[in-house]
Amino acid sequence: QAGASAEALLDAPEVRLGGEVLATYERGGAQFEARLCSFGEEEARRFNENLQSLMRFYIDAHSPIDHTDDRWRLLTIFEEAREGAPRRFTAAATAMVFSRFVAGGIRTVLKVCQVMVAPSHQRQGHGSALLQLLYDHAATQGAVEVT
């Protein structure tokens, strides 16, 4: 029962967050899409509020992020509803990414925080996919470090 209500917080019916599609893939007959969003988007802020509520229960020493700081990004892997089902997207895995500049502003470091894989999607490789997407994104941004 508690798992079902927790999973409801990860649903985004009729909402597709904006941002950049980093990847799409199929696993176990389901389609997944990874999106990197800024909190300048209203949908991302609302979805993040749901995530923060849920993360308090899954992440030890959780503290909410300041989504008014434009250096934060939300990377989420969504499972798309199967064909014929009502349109909806469920977060399979998510991470908060903070960019900061070092060495006088000429180098970028990405700090990865609040990584979570939804219980219904654990042990399916989504956490590994999320980390690989983060490393690939860091490389495209010229980041010198991911922590």
How many of the residues making up segment 13-65 are part of a loop (DSSP other than H, G, I, E, B), touching a Pro at 6+ places or on another chain (Cβ under 9 Å) and open to solvent by 90 Å² or more (accessible area, probe 1.4 Å)?
1
Test: Gln122 is more than 11 Å from the chain's Cα centre (by Cα), without any contact (Cβ under 8 Å) to a residue 40 or more places away in the chain and either over 18 Å from Leu22 (Cβ atoms) or surrounded by fewer than 16 Cβ atoms within 10 Å (Cβ to Cβ) (or both):
yes
Between a residue in segment 30-54 that is hydroxyl-bearing (Ser, Thr, Tyr) and any residue that is open to solvent by 20 Å² or more (accessible area, probe 1.4 Å) and in a helix (DSSP H, G or I), which pairs come within a Cβ distance under 7 Å, given they are 6 or more apart or on different chains?
Ser53/Leu9
If you go through segment 98-118 one residue at a time, how many are over 23 Å from Glu43 (Cα atoms) and outside any strand (DSSP E or B)?
4
For Ala95, state whether it is in contact (Cβ under 8 Å) with a residue 60 or more places away in the chain, open to solvent by less than 30 Å² (accessible area, probe 1.4 Å) and part of a strand (DSSP E or B).
no
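The values are calculated or read from the model by the stated rules, or taken from the named source; none is laboratory data. Since the structure is predicted, the reported quantities are computational estimates derived from the model, not experimental observations. For neighbour counting, all protein chains shown are included, and Cβ atoms are generated from backbone atoms with ideal geometry for every residue, glycine included. In case anyone asks, the SASA skips ligands and DNA or RNA and just uses the protein heavy atoms, side chains included. Shrake-Rupley method; radii C 1.70, N 1.55, O 1.52, S 1.80 Å.
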